[in-house]
1. In whole angstrom, note down how far apart the Cα centers of the range 210-263 and the range 123-173 are.
2. Specify which residue in the list 99, 223, 44 is farthest towards the positive end of the charge dipole of the chain, using unit charges on the beta carbon of Lys, Arg (+1) and Asp, Glu (-1), about the Cα centre.
3. What is the magnitude of the charge dipole of the range 106-263 about its Cα centre, with +1 placed on the Cβ of each Lys and Arg, -1 on the Cβ of each Asp and Glu, and no other charges, expressed in debye to the nearest 20?
4. If each residue of separation counts as 0.36 nm, what is the full-extension length gain between residue 167 and residue 33 once their alpha-carbon separation is subtracted?
5. Over the heavy atoms of residue 193, what accessible area does a 1.4 Å probe trace out, to the nearest 10 Å²?
6. Take the Cα gyration tensor of the range 1-158, multiply each eigenvalue by 5, square-root it, and list the three semi-axes largest first, rounded to whole angstrom.
7. Using label points projected 7 Å from each Cα along Cα→Cβ, tell me how many nm separate residue 191 and residue 230, to one decimal.
8. Could you work out how far helix 64-73 tilts from the main Cα principal axis of the chain, as a 0 to 90 degree angle to the nearest 10?
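The values are calculated or read from the model by the stated rules, or taken from the named source; none is laboratory data. Given the structure is predicted, the values throughout are model-derived calculations rather than measurements. When we count neighbours, we look across all protein chains shown, and the Cβ atoms used for this are built from the backbone with ideal geometry, even at glycine. Each accessible area value is taken on the protein alone, full model and side chains, heavy atoms only, with ligands, DNA and RNA left out. Shrake-Rupley method; radii C 1.70, N 1.55, O 1.52, S 1.80 Å.
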Amino acid sequence: MKQVRPKKKLGQHFLIDLNIAKRIADTVDSYPDIPVLEVGPGMGVMTQFLVDKPRELKVVEIDRESVVYLNEHFPRLRENIIGADFLRMPLDEVFNGKSFVLTGNYPYDISSQIFFKMIDNKDLIPCCTGMIQHEMAQRIASKPCNKAYGILSVLIQAWYDVEYLFMVDENVFNPPPKVKSAVIRMTRNNVTELGCDEKLFKRIVKTVFNQRRKMLRVTLKQIFTTQASEDFYQMEIMTKRPEHLSVADFVKLTNLVSKQLYE
């Protein structure tokens, strides 16, 4: 069968450098005893290295042409090639409720959605590795007081330790993207509960970063249907901007807001 044609509508940029493909595949080895789910294998440049590891492997691919190619070139993986949209999959059914490592060369345009789904399934995914746009990798790994620090930084770092592993040049893809890429690894931390209303936490993080240049006392007004107390807005934390708050600070802020909302 001829090679798969990259499709712009799917954001496909096929990795063609085997050394880099192997380096990315090997990032899953930090969790060697559980299955692996690869997202968007395309023509299997990473799959060829993952399939030789002594562990269960499944791949999920939305592109029908790629699914046909994978079935032809990876016959021993045939029962574990899933032709589906990862974002619509019930992840607790992939390995019958067992935990797994998530990996892939993630499409740039849906990588944030993939990671939001990872957070929603954090009890199933103790480790997530893979390649994404360089700027997004910087955001995810960024610490407070940095321009890259934002919504993904806080929501992911609340549950995962993030490692920025290495940068990947654009000339190792077909077609080459217009930006550089990077490989990251996210490993579940020891947090089991944030110590606050998690839905409100997420809402506050998204609300204040949507106007990141404004002080919290301005942006938080969107959260309330009635006026919060004057004492609330006089707190020192209200003079800060969101990029200056750590995950722990956001937990504290969520509890302060919750007290205003519900007491």
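1. When both Cα centres are located, 26 Å separates them.
2. Projecting each Cα onto the dipole axis, the largest value belongs to 223.
3. On the way: 22 positive and 17 negative charges, 89 e Å.
Roughly 420 debye for the range 106-263.
4. Fully extending the segment from residue 167 to residue 33 adds 45.5 nm.
5. Spelled out: residue 193, probe radius 1.4 Å, area about 150 Å².
6. Semi-axes (√(5λ), whole Å): 25, 18, 15.
7. In this crude spin-label approximation the distance works out to 3.5 nm.
8. So the inclination is approximately 50 degrees.
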